Amino acid sequence: MTFLIDRDGVIRRIERKVVPATHGQDLVALVRKWQRGKMVYNAYCVRCHGADGNDADYPGIKPLGGIGNRLTEKEILDRTAETGLVDLGAFTEQDLEALGIYVGGL
């Protein structure tokens, strides 16, 4: 089992399926995706959801804190698209994957 922990000591992701032969490479790739997701989130999402994802002051916005405990990354992105508030078509597949990983850890 692998834990992705941010600088504040908050666990952002738990990887349960770890392949020992590629664990180091997989962990580096996960950290890079998480960092990319944070960059995308800060550029496009933070103004409505807040830095920690818990801001709900913007009309129609729900808090994101703990969302990864209830929904998969795909479900997070699907529900985001369903709201019609965000055009996910403007993002690359890599950005969407990274965003799902980051938001899932809020």
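Throughout, read-outs are computed from the coordinates displayed, never taken from laboratory work. This is a predicted model, so every value here is computed, not measured. FYI the Cβ positions are ideal-geometry reconstructions off the backbone, even for glycines, and counts take in every protein chain you see.
A few comments on the model shown:
Results for (1) out of contact with any Pro (no Cβ under 7 Å at 6 or more places or on another chain); (2) farther than 19 Å from Arg7 by Cβ; (3) not acidic (Asp, Glu), shown as yes or no for each residue.
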{"position": "Ala21", "(1), (2), (3)": "yes, yes, yes"}
{"position": "Asp26", "(1), (2), (3)": "yes, yes, no"}
{"position": "Leu30", "(1), (2), (3)": "yes, no, yes"}
{"position": "Tyr44", "(1), (2), (3)": "yes, yes, yes"}
{"position": "Arg47", "(1), (2), (3)": "yes, yes, yes"}
{"position": "Asn54", "(1), (2), (3)": "no, no, yes"}
{"position": "Pro59", "(1), (2), (3)": "yes, yes, yes"}
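- Taken together, the criteria place Asp95 among residues that are among the acidic types (Asp, Glu), touching a helix residue (DSSP H, G or I) at 6+ places or on another chain (Cβ under 8 Å) and not in a loop (DSSP other than H, G, I, E, B).
- Matching residues, segment 73-94, being out of contact with any Gly (no Cβ under 8 Å at 6 or more places or on another chain) and either surrounded by fewer than 12 Cβ atoms within 10 Å (Cβ to Cβ) or within 15 Å of Lys38 (Cα to Cα) (or both): Glu82, Gly84, Asp87, Gly89, Ala90, Phe91, Thr92, Glu93, Gln94
- Every residue from segment 49-91 that is of a type outside the set (A, V, I, L, M, F, W, C), in a helix (DSSP H, G or I) and closer than 17 Å to Ile101 by Cβ: His49, Gly68, Asn69, Glu73, Lys74, Glu75, Asp78, Arg79, Thr80
- Members of segment 29-75 found to be without any contact (Cβ under 8 Å) to a residue 60 or more places away in the chain and either β-branched (Val, Ile, Thr) or at positive phi (or both), listed by number: Val31, Val46, Gly50, Gly53, Gly60, Ile61, Gly66, Ile67, Thr72
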